[in-house]
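The values are calculated or read from the model by the stated rules, or taken from the named source; none is laboratory data. No experiment lies behind these values; they were computed from the predicted model shown. Every residue, glycine as well, gets a Cβ built from its backbone with ideal geometry; the counts of neighbours run over all protein chains shown. To get the accessible areas, we keep the full protein, side chains included, count just its heavy atoms, and leave off ligands, DNA and RNA. Shrake-Rupley method; radii C 1.70, N 1.55, O 1.52, S 1.80 Å.
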Amino acid sequence: MKTQYMYTSFIKSSILLLLFSTMVMAQEEKKTVKDTLIYKQKYGLRLGADISKLARTFFDDNYTGFEVMGDYRLTKRIYLAGEIGNEEYTLENEVLSNTTKGSYFRGGIDLNFYKNWLDMENMIYVGFRGAASTFSQTLNSYEIYNVYNQYWDQQFTVEEGTEYSGLTAIWAEIIIGIKAELFNNFYAGINAQLKGLITETAPNDYENLYIPGFNRTYDSGRFGVGFGFNLSYLVPIFKKDKVVVQEKEKE
């Protein structure tokens, strides 16, 4: 009996030792390793134009304008960006005709919040701009309202073409937009702009009805909106390594 008991104990001990060894070997075989991938990110100057303004020039007889844009990548997320343009717009309604023409500049930064896969260069960004415009207003014609005979007599129209030059405006913008690479180094983008007017000079007789780069003003309002659709091309200047570390279990 004693011999049988010792034999049974030996068998149990051997089985436990075998199970323990198997568990240890399994833990040693499944190791977490780090796989490092390196991709080249492009840094350079991206130049383009606002296609929406060119389209509006073609379809709207009262509007002529263009805008060129550019950005330069400073860091992984930050881009130095700016736009420069020229506009001429004639506002016509039942009481007056007014033509505004001038140039503008907007400059600031874009922050990219999109985490690209591998070597992609797309953007979902928020931009901040300071902007300024120099322009002139020409009052082509206006109508004098006859309060005494408004129902029977025709209203009197003055056509004098008075020009007010040397006008300026300064404002700030917040931009939300996307830029997607259609093919190698060629991008399409769309954005929306919220503008806040800081200061302006206006004619003595009436207010600015349109500010190049800012768009329409309404009842001396301080806020404006805008949008843009642009096509651009990236001129690569140099590349930086983008390191991607992936963890995985190795058998």
Go through (1) over 14 Å from the mean Cα position of the chain (by Cα); (2) open to solvent by less than 70 Å² (accessible area, probe 1.4 Å); (3) without any contact (Cβ under 8 Å) to a residue 40 or more places away in the chain; (4) closer than 22 Å to Ser52 by Cβ one by one and return the number of the condition Phe183 breaks. (2)
Within segment 42-100, considering residues that are of a type in the set (Val, Ile, Thr) and farther than 28 Å from Asn208 by Cβ, the one surrounded by the most Cβ atoms within 10 Å (Cβ to Cβ): Ile78
Members of segment 64-103 that are hydroxyl-bearing (Ser, Thr, Tyr) and under 19 Å from Glu163 (Cβ atoms): Thr64, Tyr89, Thr90, Ser97, Thr99, Thr100, Ser103
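So in segment 214-228, with the set limited to residues that are open to solvent by 90 Å² or more (accessible area, probe 1.4 Å) and assigned to a loop (DSSP other than H, G, I, E, B), which one is modelled with the highest pLDDT?
Within segment 214-228, the subset open to solvent by 90 Å² or more (accessible area, probe 1.4 Å) is 218-219, 222-223, 225, 227.
Checking the rest, the ones that are also assigned to a loop (DSSP other than H, G, I, E, B) come to 218-219, 222.
Numbers: Tyr218: 79, Asp219: 71, Arg222: 87.
Only one residue tops the list, namely Arg222.
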